[in-house]
Amino acid sequence: MSNQNEMNKELTEELIVIKGLSKSFPIGKKKTLNVLNSIDAVIHRGEKIAVIGPSGSGKSTFLRCLNCMEDPTGGSIIFNGEDLADPKVDINKHREHIGMVFQQFNLFNNKTVLQNIMLAPIYLKTKKAGGLFAKRAVKKQIREEAKEKAMQLLRRIGLEDKANAYPSTLSGGQKQRIAIIRALAMEPEVMLFDEPTSALDPEMVGEVLDLIRQLANEGMTMVIVTHEMGFAREVADRVLFMDGGIIAEDAPPHELFSNPKLPRTQEFLSKVL
Amino acid sequence: MNFLDEWSAFWRLFYTNGGYKRVFSEGLKNTLTIAILGLVIGILIGTLIAAIKVMPKYKTLPKILNGVCNVYVGFFRGTPIVVQLLLAYYVLFPLMGVSIGSLRTCILIFGLNSAAYVSEIMRAGIQSVDSGQMEAGRALGLGFTPTMMKIVVPQAIKNILPTLGNEFIALIKDTSVVSFVAAVDLYKVFTEIGNANYEYLAPYLMMALIYIVLIMMVTLLFKLLEKRLHRDDRA
Ligand SMILES: Nc1ncnc2c1ncn2[C@@H]1O[C@H](COP(=O)(O)OP(=O)(O)O)[C@@H](O)[C@H]1O
Ligand SMILES: [Mg+2]
């Protein structure tokens, strides 16, 4: 990615095209709360997008609609030629290619670190090879490959000695880094982060951001909801400022942070910077 | 003195004449068979019902299944187990032309009955597991069912183990009604021992003792199991 031209070329391939995305939650009888109001956005392959905005502006809902953790109530999300917002689409198939990292880590508490990382790859690959009816040798090979991959990822973050530990024995920073490589083990095309460092003690924020920065440098497409403005400015190709369920401003970081166009962007930035 | 005489008469029947053999080979064995297999069936079907109940409900199929489950749970919790046994053994199975014998009828009915209670216990257990666990599984591309089976239910079972233990104990004690449908359990065997000379005090005391020991053992077993399952909680 050292070549600037190559980079620019890469950022023109549309990976996710969002049109008119809306989401409302029912509240009480017959009433609904409109959280996303017809959002249009394009996420290009290799692009790093930071989503910022005041609390309650719909950042998490936007992110969670991208892999249908929340079902959109309107609009379309085109990914790999299919509309994820269409209830008939097999969403599980697409989620394999969309990694998600949560604020609360959400490691599987009943599984060891290694099992956490291997579970989905083994299950899904075995299923594709025939599930229960897959040949023994095939299953064994899938398991061995998954384990090798998982250990390789663990070595990458220097936690190979924690392979057989349970999540309850780990620090927040370790949990979140493992959650990230658990998503990576699926070899996703895009990673979604929802405030990945907000639940961490301050001294652990750095290690998690370092890992995300590494992924960014390797060219991983990512959408990251964050309150770490410094990180957004440094890593993002584009920053989306959300307010009131819409993308109010969409600009490269140097523009958005130094020269915000809208008064409400200015107001928000003056509070957080 | 009177009691001692009675006790020695009982002891003759129970021990010297080998009555205890039947207590163990039939009474205790059937009691445990019904209770254990009942609990196993109960956990399997109960977990299925609980999973249906916590499914997202905007599609038609989960709604219909949910309705079926409500009727099921309503029936089995709303009627005494004796009524269910009698209905199955003397009415339903004869009408359907099936005869599976009284022991199997008991196992089946105890299983189905237990499933209704376990489903409520299990639902509470599932709801006690942080929703992030399900979300993480789904986000990785796993379906609802595999995430439920591999991630959520194992954690739910850990949380509800004491309550499941209570259910098992209740099941063991409830087996004392199976003689209504001609099955032989502890109660039946001891009653027959008592029938031999129309003295029931000693046999029934002995029966109570066996129940107490049995239930103490089950309690201990579940305590050990709980300890084991909670190993991965600690640092
Ligand atoms: N499951 C839900 N049910 C009802 N309202 C919700 C739900 N999830 C989010 N909301 C509401 O949607 C709005 C946006 O929430 P969210 O996307 O979490 O905002 P942000 O992540 O920007 O803080 C909030 O007002 C929140 O209360
Ligand atoms: Mg949020």
Which of B:Arg12, B:Arg77, B:Arg22 moves most in a GNM of chain B, Cα contacts under 10 Å?
B:Arg12
Each residue of segment B:159-164 in order: what ³J(HN,Hα) in whole Hz does its phi give by Karplus 6.51 cos²θ - 1.76 cosθ + 1.60, θ = phi - 60°, with x for Gly and Pro?
5, 9, 3, x, 5, 5
Just report the Cα centroid separation between segment B:174-235 and segment B:84-159, whole Å.
24 Å
Which percentage, to the nearest 5, of the DSSP beta bridges contained in the protein assembly as shown is antiparallel?
55 percent
At R0 = 35 Å, FRET efficiency that the Cβ-Cβ distance of A:His227 and A:Ser76 yields, to 0.05:
0.75
Please list the equivalent ellipsoid semi-axes of segment B:89-184, computed as the square roots of five times the alpha-carbon gyration tensor eigenvalues, in descending order and whole angstrom.
36, 17, 8
Within segment B:44-60, the residues whose backbone N lies under 12 Å from a label point placed 7 Å from the Cα of B:Leu225 along the Cα-to-Cβ direction are B:44
Taking amide hydrogens as modeled 1.01 Å from N in the peptide plane, which residues meet the under 5 Å criterion relative to B:Lys57, leaving out close sequence neighbours?
none
Once you have a ≥ b ≥ c as the square roots of the Cα gyration tensor eigenvalues for segment A:1-121, tell me rounded if a/c is under 1.5, and otherwise prolate or oblate according to whether a/b is larger than b/c.
oblate
At a Cα cut-off below 22 Å, give the lysines reachable from B:Lys21, other chains included and same-chain residues fewer than 8 away excluded.
B:Lys29, B:Lys173, B:Lys188
In degrees, nearest ten, helix A:113-128 long axis to first principal axis of chain A (Cα)
80 degrees
For chain B, what ratio Rg/Rh do Cα atoms give with a Kirkwood hydrodynamic radius?
1.08
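With a ≥ b ≥ c taken as the square roots of the eigenvalues of the C-alpha gyration tensor of segment B:137-191, please select rounded if a/c is under 1.5 and otherwise prolate if a/b is larger than b/c or oblate if it is not? Show your work: numbers first, answer last.
Values: a/c = 7.08, a/b = 3.18, b/c = 2.23.
Since a/c reaches 1.5 and a/b is larger than b/c, the shape of segment B:137-191 is classed as prolate.
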If you place +1 on the Cβ of every Lys and Arg, -1 on the Cβ of every Asp and Glu, and leave all else neutral, what size is the dipole of segment A:69-156 about its Cα centre, to the nearest 20 Debye?
840 debye
Partner chain coverage, peptide B:129-139 - average Cβ within 10 angstrom:
6
Take B:Phe3, project a point 7 Å from its Cα along the Cβ direction, then tell me which residues of segment B:168-206 have their backbone nitrogen under 15 Å from it.
B:200-206
Within the protein assembly as shown, helix-based [θ] at 222 nm, where runs of 4 or more DSSP H residues each add -39,500 (n - 2.57), nearest 500:
-17500 deg cm²/dmol
What shape does segment A:54-111 take by its C-alpha gyration tensor, where a ≥ b ≥ c are the square roots of the eigenvalues and a/c under 1.5 counts as rounded, a/b above b/c as prolate, and the rest as oblate?
oblate
Pull up the cross-link candidates among the aspartates and glutamates for A:Lys29, meaning alpha carbon to alpha carbon under 14 Å and not fewer than 8 places away within one chain.
none
Counting other C-beta atoms within 10 Å, and keeping those with at most 13, which DSSP coil chymotrypsin sites (Phe, Trp or Tyr not before Pro) do you find in segment B:32-81?
B:Tyr58
Taking every DSSP beta bridge with both residues inside chain A, roughly what % is antiparallel (nearest 5)?
55 percent
Dipole magnitude (debye, nearest 20) for segment A:125-270, charges at Cβ of Lys, Arg, Asp, Glu
1340 debye
Considering every residue in A:92-105, what mean count of other chain Cβ atoms within 10 Å of its Cβ is obtained?
3
If the elastic network links every pair of Cα atoms under 10 Å, which of A:Ile246, A:Ile142, A:Ile117 fluctuates the most in the Gaussian network model of chain A?
A:Ile142
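Rg to Rh ratio, segment A:125-200, alpha-carbon atoms and Kirkwood radius?
1.05
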Using modelled amide H (1.01 Å from N, peptide plane; none on Pro or chain starts), what sits under 5 Å from the amide H of A:Thr221, excluding residues fewer than 5 places away?
A:Gly46, A:Met191
Along principal axes, Cα extents of segment B:1-126, largest first, whole Å:
71, 38, 23
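Greater than 21 Å separation of Cα atoms is the criterion. Which listed pairs, A:Lys88/A:Lys125; A:Lys19/B:Lys59; A:Lys23/A:Lys88; A:Lys127/A:Lys175; A:Lys111/B:Lys227; A:Lys19/A:Lys59, meet it? Intermediate results must be reported in sequence, preceding the final value.
Details: A:Lys88/A:Lys125 23 Å; A:Lys19/B:Lys59 25 Å; A:Lys23/A:Lys88 18 Å; A:Lys127/A:Lys175 28 Å; A:Lys111/B:Lys227 17 Å; A:Lys19/A:Lys59 16 Å.
Those over the limit are A:Lys88/A:Lys125; A:Lys19/B:Lys59; A:Lys127/A:Lys175.
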When the distances between all Cα atoms of segment A:166-270 are binned every 5 Å from zero, what whole-number percent does each bin get?
2, 11, 21, 21, 17, 14, 8, 4, 1, 0
Under 5 Å, built H, 5+ apart or other chain: amide partners of A:Met242:
A:Ile52, A:Gly53, A:Ala248
Beta carbons within 10 angstrom, averaged per residue: use that to sort the peptides A:181-193, B:173-185, A:86-98, highest first.
A:181-193, B:173-185, A:86-98
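None of the figures in this text is laboratory data; all of them are computed from the coordinates on show. Given the structure is predicted, the values throughout are model-derived calculations rather than measurements. In this analysis, Cβ positions are derived from the backbone assuming ideal geometry, glycine residues included, and neighbour counts consider all displayed protein chains.
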